[in-house]
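The values are calculated or read from the model by the stated rules, or taken from the named source; none is laboratory data. The model shown is predicted, which means the values in this text are computed figures rather than measured ones. Please note: Cβ atoms are built from the backbone with ideal geometry, for glycine as well, and neighbour counts cover all protein chains shown. Ligands, DNA and RNA are stripped out before the accessible areas are found, and what is left, the full protein with its side chains, is counted by its heavy atoms. Shrake-Rupley method; radii C 1.70, N 1.55, O 1.52, S 1.80 Å.
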Amino acid sequence: METDLQFMQEALAEARASAFAGEVPIGAILVHDGKILARSGNRTIRDNDPTAHAEIIVLREAARLLSNYRLANTALYVTIEPCSMCAGAIIQARVPRLIYGADDPKGGAVHSCFEILSNPRLNHQVAVSSGVLAPEAAAVLQSFFAARRQ
């Protein structure tokens, strides 16, 4: 659990950097064999790319670095529950473990709106740990959107 907290702190740092850049503050870290392999925050606005979610960016970078689209022996840390696009990418990459902070009741695809990662009809299941530093993850998002409404 201590390791999960440390890596989630790193994901939160990416989320804060995204907020500073004017992006929706979601951060992700992909860990391979206990070391951070890739890290990013959302870049949809910067890249003019609706698929440039933090999760997608780190999956792409990790696959490039490992020269393999199958990301065995990895763990993905995300500050918010992944959406359906990101959950699908997690399945396709065969990520064995997802750790995320806050639930996303309006778009989460792990258990809030959909249950993609545990669907028994799919050929890969993902071990999920949720709620890791959830108050901090939720606060980053809430403060970002509160500031935009002013």
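Being of a type in the set (A, V, I, L, M, F, W, C), under 15 Å from H32 (Cβ atoms), modelled with pLDDT of 95 or more and open to solvent by 10 Å² or more (accessible area, probe 1.4 Å) is the requirement here; does L98 meet it?
For L98, the condition - of a type in the set (A, V, I, L, M, F, W, C), under 15 Å from H32 (Cβ atoms), modelled with pLDDT of 95 or more and open to solvent by 10 Å² or more (accessible area, probe 1.4 Å) - is not met.
State whether one or more residues within segment 109-130 are touching a Cys at 6+ places or on another chain (Cβ under 8 Å), open to solvent by less than 60 Å² (accessible area, probe 1.4 Å), at pLDDT 95 or above and small (G, A, S).
yes
Within segment 96-150, which residues are acidic (D, E) and under 14 Å from V24 (Cβ atoms)?
The one that is acidic (D, E) and under 14 Å from V24 (Cβ atoms): D104.
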